[in-house]
């Protein structure tokens, strides 16, 4: 691997201190000139770095200067070049969220973790759920609903009692959030090439927002969700703690 490294960091004190220490120890270039981006921060910042730099087509190696650090490696100033040389690659493809608002405006956004629909007011949302053009639920009354990738299945999806998906399993999780009707519906596991269409019923009375990672669109009327096969990002992980192992470990945490 070439040694042209771009360091980027969140605004936290820990991340900025790490950035200063690494920049003093290793040569650094701007992301547009780099062969690898080293991101310093937490999981939220790692997702931000992915969205900001994925168009460069270069791998991203994260080091944890946040809290959980699920998408990041352990931080160390030492032997960075060797760690980059020995790192294992994991390719992630995002969900594309195509939103139509209640005023007819269309927007696209991308989520590497999940796309979620959430009620905006005290009233529950009413959603129609269609998969590949076939209506599966006429009216899902809920606080919301989300579609998660395997990489994002241990995040919001897990908190909503959705399934943990093995990395590379080529499936998606469709998970309701506090579903009231149908009362016993707990979600579904779908093929990665599924096209999911969520229609907001009564959207003027019961407004709903749609969120792809950190990008939010309010007052939506319908949302189409699918994996975009033309967009991808490569993440780098230390061999002893790769993403596949982390997701597997999550299934055995008491």
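The values are calculated or read from the model by the stated rules, or taken from the named source; none is laboratory data. Note that the structure is predicted; figures quoted are calculated from it, not measured. Cβ: placed from backbone, ideal geometry, glycine included. Neighbour counts: every protein chain shown.
Across the stretch 99-135, the number of residues qualifying as within 15 Å of residue 188 (Cβ to Cβ) and free of Cβ contacts under 8 Å to residues at least 40 places away in the same chain comes to 2. Scanning the stretch 94-106 for residues that are assigned to a strand (DSSP E or B) and closer than 19 Å to residue 201 by Cα yields 97, 98, 99, 100, 101, 106. Which of the residues spanning the stretch 209-232 are more than 26 Å from residue 170 (Cβ to Cβ) and in a loop (DSSP other than H, G, I, E, B)? Hits for the stretch 209-232 are 218, 219. Please specify each residue of the stretch 7-42 satisfying the condition of being over 17 Å from residue 76 (Cβ atoms) and touching a residue at least 40 places away in the same chain (Cβ under 8 Å). Once the filter is applied, which keeps residues that are over 17 Å from residue 76 (Cβ atoms) and touching a residue at least 40 places away in the same chain (Cβ under 8 Å), the stretch 7-42 yields 8, 10, 12.
A single member of 129, 115 is under 13 Å from the mean Cα position of the chain (by Cα) and not assigned by TED's automatic domain parsing to the domain that holds residue 243, and it is 115. Within the stretch 133-182, the set of residues being over 12 Å from residue 117 (Cβ atoms) and part of a strand (DSSP E or B) comprises 134, 135, 136, 137, 138, 139, 141, 148, 171, 172, 173, 181. Residue 185 meets all of the listed conditions (1) in a loop (DSSP other than H, G, I, E, B); (2) not assigned by TED's automatic domain parsing to the domain that holds residue 150 but one, namely (2). Out of all the residues in the stretch 32-45, is one or more under 30 Å from residue 117 (Cβ atoms), at pLDDT 95 or above and assigned to a strand (DSSP E or B)? Yes. Among the numbered conditions (1) over 27 Å from residue 86 (Cα atoms); (2) buried (at least 18 other Cβ atoms within 10 Å of the Cβ); (3) out of contact with any helix residue (DSSP H, G or I) (no Cβ under 8 Å at 6 or more places or on another chain), the only one that residue 173 does not meet is (3). Taking residue 206 as the residue in question, decide whether it is part of a loop (DSSP other than H, G, I, E, B) and at pLDDT below 95. Considered against the rule, which asks whether it is part of a loop (DSSP other than H, G, I, E, B) and at pLDDT below 95, residue 206 comes out as no. Residue 27 falls short on exactly one of the conditions (1) more than 22 Å from residue 158 (Cα to Cα); (2) touching a helix residue (DSSP H, G or I) at 6+ places or on another chain (Cβ under 8 Å); (3) at pLDDT below 95, and that condition is (2). Of all residues in the stretch 235-254, exactly one satisfies the criterion of being within 18 Å of residue 59 (Cα to Cα), in a loop (DSSP other than H, G, I, E, B) and at pLDDT 85 or above, namely 238. Inspection of the stretch 115-124 finds no residue satisfying the criterion of being modelled with pLDDT of 95 or more, in contact with a helix residue (DSSP H, G or I) (Cβ under 8 Å, 6 or more places away or on another chain) and under 30 Å from residue 239 (Cα atoms). In the stretch 117-136, the qualifying residues are those that are touching a strand residue (DSSP E or B) at 6+ places or on another chain (Cβ under 9 Å) and over 10 Å from residue 208 (Cα atoms), and the one that is surrounded by the fewest Cβ atoms within 10 Å (Cβ to Cβ) is 133.
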